[in-house]
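The values are calculated or read from the model by the stated rules, or taken from the named source; none is laboratory data. Just so you know, these numbers come straight off a predicted model, no measurement behind them. Every residue, glycine among them, receives a Cβ derived from its backbone with ideal geometry; neighbour counts consider all protein chains shown.
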Amino acid sequence: MNPPPRRVRLKPWLVAQVDSQHYPGLHWLDTQRRRFAIPWHHATRHPPGTHHHDTIFKAWAQETGKFTAGVDAPDPAKWKANLRCALNKSREFRLLFDGTKATPLQPYKVYELCQDTPAPVAACPLAPTENVIPNLLISPHMLPLTDLEIKFQYRGRQVCVLTISNPHGCRLFHSSLEPTQEQVDLFGPLTLEQVPFPATDAIPNEKQRFYTHQLLDVLDRGLILELQGQDIYAIRLCQCKVFWTGPCAAPNLGPNPIEREKKTKLFSLEGFLNGLILFQKGQTTTPPPFEIFFCFGEEWPDQKPKEKKLITVQVVPVAARLLLEMFSGELSWSADSIPLQISHPDLKDKMVEQFKELHQLWQNQQRLPQPGPTPWSLPH
């Protein structure tokens with residue numbers, strides 16, 4: 001005999017399932033805004049496959065006692081209807097995007113956790129264009145707005161490349177001390193990704209290695225790269241002086257230092273999008289810059305080339321690079337790809353309009369006559 005159905009709080013259960021990453025396609029789109037995607041395949045439109053087994057719908061049916069393996073006949077349609085009804089009735093979830101009603105159809109939905117307890121809004125979800133830009137795609141995953149690619153160089157020789165995805169940012173440092181909660185004033189918040197400078201073992205020249213160590217020895221407190229909204233800031237805590245160039249740098253002819261313990265704006269996604277729109281419209285001859293360059297312990301820019309500097313670090317906002325490559329025709333695109341989620345806690349309506357304008361420019365480019373078959377087109 002089946003156990004009677006039991007009451008289960010949907011929110012904590014579903015949040016735990018998203019965190020578990022156990023179900024393919026069920027993932028956070030924006031952990032700060034608490035938005036997530038649920039794969040929502042349609043039985044008549046998608047061929048049978050792995051999405052029919054061990055789904056979140058089946059797990060909810062089992063959790064609530066409405067399905068027992070080996071006892072009840074599998075009923076994926078009923079499982080899906082049960083979870084849909086639970087989500088619609090809940091005051092703790094808001095439907096933001098229903099890809100099952102989009103054109104072309106997208107087999108997933110986007111929900112947002114409600115911080116307070118507003119009135120039910122399932123019957124009146126936000127318009128998809130306010131949160132998702134359909135068909136503006138880079139990969140099956142969403143645009144990596146918080147990803148930073150970091151390249152370390154010692155006198156022009158690249159010694160380390162890594163990508164960090166921490167939504168708070170990171171701290172570049174060289175120290176044997178571990179930051180603690182009691183030392184936030186010294187080393188910054190513990191929520192930052194801790195990124196140590198690479199070892200100097202690969203430096204062949206003894207004199208170069210000596211002076212490099214002189215700089216690393218005063219990098220204990222480090223340089224913080226803070227993500228705030230869609231902007232990037234630097235905060236120099238370390239004793240080592242840091243100089244920089246980048247999109248938000250003043251057009252000075254001489255060295256450009258970062259003042260100690262003062263927040264310095266390095267990059268603005270809004271400014272980058274404005275520049276990209278102007279470039280696509282032909283109103284500027286060059287694309288907007290997005291790379292940030294740091295020089296540690298030596299003045300920059302000056303008369304010496306970058307390759308002569310002891311310690312340099314290049315930081316690239318990955319989202320900006322991908323967008324530029326997209327609109328420069330350097331990537332392959334498919335009109336049937338999954339829509340790009342661009343939401344973020346501080347994202348403004350103006351930024352959404354910029355993305356929509358860029359999307360329209362891209363669509364116009366695709367309508368231009370081609371000299372022949374496009375070898376990069378993806379098969380349907």
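Side notes on the structure shown:
- Flag for Phe267 being outside any loop (DSSP other than H, G, I, E, B), closer than 30 Å to Phe210 by Cα, assigned by TED's automatic domain parsing to the domain that holds Gln239 and in contact with a Gly (Cβ under 9 Å, 6 or more places away or on another chain): no
- Within the stretch 56-93, the set of residues being assigned to a loop (DSSP other than H, G, I, E, B) and closer than 16 Å to Tyr111 by Cβ comprises Ser90, Arg91, Glu92.
- The stretch 270-287, residues that are in a loop (DSSP other than H, G, I, E, B) and free of Cβ contacts under 8 Å to residues at least 24 places away in the same chain: Gly282, Gln283, Thr284, Thr285, Thr286
- Residue in the stretch 14-21 that is polar (S, T, N, Q) and at pLDDT 90 or above present: yes
- When the stretch 218-248 is filtered for residues that are outside any strand (DSSP E or B), at pLDDT 95 or above and closer than 16 Å to Phe290 by Cβ, the ones remaining, listed by number, are Gly246, Pro247, Cys248.
- Output for the stretch 167-204, where each listed residue is free of Cβ contacts under 8 Å to residues at least 24 places away in the same chain and of a type in the set (S, T, N, Q): Ser176, Thr180, Gln181, Gln183
- Taken together, the criteria exclude Leu215 from residues that are at pLDDT 95 or above, within 25 Å of Lys308 (Cβ to Cβ) and assigned to a strand (DSSP E or B).
- Within this structure, Ile203 fails the test of being among the aliphatic types (A, V, I, L, M), buried (at least 17 other Cβ atoms within 10 Å of the Cβ) and either in a strand (DSSP E or B) or not assigned by TED's automatic domain parsing to the domain that holds Arg171 (or both).
- For the criterion of being in the same structural domain as Leu172 (by TED's automatic domain parsing) and more than 16 Å from Val315 (Cβ to Cβ), Lys281 passes.
- Long-range neighbours under 6 Å by Cβ, at least six apart or interchain, first residue outside the structural domain of Ala16 (by TED's automatic domain parsing) within the stretch 104-117, second modelled with pLDDT under 85 and part of a loop (DSSP other than H, G, I, E, B): none
- Scanning the stretch 37-62 for residues that are at pLDDT 85 or above and crowded, with 16+ Cβ neighbours inside 10 Å gives Ala37, Ile38, Pro39, Trp40, Thr55, Ile56, Phe57, Lys58, Ala59, Trp60, Ala61.
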